[in-house]
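The values are calculated or read from the model by the stated rules, or taken from the named source; none is laboratory data. Since we're looking at a predicted model, the values are computed, not measured. Quick reminder, even Gly has a Cβ in these numbers, built from the backbone with ideal geometry, and neighbours come from all protein chains shown.
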Amino acid sequence: MKRKLLLMVSALVMVAAQALAQDVVDQIVKEANDNSMLEQLAYEMLDLNGPRLVGTPQMQNAHDWAVARYDGWGISARNEKWGEWKGWERGITHVDLISPRVKTLEAMQLAWSPSSKGIVEGDVTVIPNVESEAEFKQWLSTVKGKYVMIDMAQPTGRPTYNWEKFGKEESIKKMEEESREARAAWGRRVQSTGSNSRELPAVLEEAGAAGILMSNWSRGFGVNKIFGARTSTIPTIDIGLEDYGTLFRMVEHGDIPKIRVEVTNVDHGTVPTFNTVAEIKGANPDEYVMLSAHFDSWDGGTGATDNGTGTLVMMEAMRILKKVYPNPKRTILVGHWGSEEQGLNGSSSFVEDHPEVV
């Protein structure tokens, strides 16, 4: 009899605990559905603040914004310094084709690019198709004051999936073969310089080029990838796929294009860099449930997909948990990491600095 009674009591306790847990889950779902702040947070972080390149004022502003948001929800938050980085702030990029015809080009300086020395005009050239490194070194004497193109011109701006949807089988096959051959030929052209694509900008800079032109197509309609410059005194500029192709073909046909370039930015020297960490203390404060997402982004866009969405979801999760489940058993910790894009720097530093957590 006692055994049966004990089993009945245990079963009732389990049912009650499950009901309580389900009630919390239901409240979390209701809060997320009825009172979501994701759109407002996205506007503030992505539109109002913008991209979050490590070392920029926008990155620091984003850290401070996140702390303020957490404070407003009653969640303890702080910025933890993990290191230092090159301080830089993007200005304008303006590139005009002025000969043989006039057109304003789609252009954007790469992250950490140097400024131009005012408005600088110059002819455009393409790295040559040479037989040897020695021949390339001879050609280098011709680049002084010129803008040098270091990428191939893409044969098409249509993504593969679009060709597959609308193209005829023979057209798709022809385009794939031509693209494959063009990429292989360009690879041989770069290799014959004696440098790889990462090294070429510095080589051309040393030779006196006015600037580096590139086009890093994302394989999507009209979208290029904007990463970091590898020059220290001349601008590195990404040109949109269509405009880049126009310049490239002009050079190849001997109708040398001339462009007018203005690139501005601010060098802030060396600046401290941070992670943003927020926590909801638990009854067992030294036991942790860890949430995280990297906070930084490249700055060619708003950094929405990489990784603004992850950051926003982590913040919204913490907001909801604080409102619905403010007294958890374990401490809930969220890390918004800096400088993931340059090598997991912020998160790696957190692991080193906090062995008690991870």
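Observations on the model:
- When region 282-307 is filtered for residues that are outside any loop (DSSP other than H, G, I, E, B) and in contact with a Phe, Trp or Tyr (Cβ under 7 Å, 6 or more places away or on another chain), the ones remaining, listed by number, are S292, H294.
- Helices (runs of 4 or more DSSP H) enclosed by region 156-237 - at least 3 residues per element that are among the aliphatic types (A, V, I, L, M) and within 19 Å of F248 (Cα to Cα): 169-191
- Only a single criterion out of (1) under 22 Å from N275 (Cβ atoms); (2) of a type in the set (S, T, N, Q); (3) surrounded by fewer than 21 Cβ atoms within 10 Å (Cβ to Cβ) is not satisfied by N33, namely (1).
- For region 186-194, the criterion of being in contact with a Leu (Cβ under 7 Å, 6 or more places away or on another chain), among the hydroxyl-bearing types (S, T, Y) and within 30 Å of P114 (Cβ to Cβ) is satisfied by at least one residue.
Yes/no per residue for (1) surrounded by 12 or more Cβ atoms within 10 Å (Cβ to Cβ); (2) in contact (Cβ under 8 Å) with a residue 24 or more places away in the chain; (3) outside the structural domain of S297 (by TED's automatic domain parsing):
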position: K144; (1), (2), (3): no, yes, yes
position: I150; (1), (2), (3): yes, yes, yes
position: R188; (1), (2), (3): no, no, yes
position: W217; (1), (2), (3): yes, yes, yes
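- Residue within region 121-136 that is among the charged types (D, E, K, R), modelled with pLDDT of 95 or more, touching a Gly at 6+ places or on another chain (Cβ under 8 Å) and part of a helix (DSSP H, G or I) present: yes
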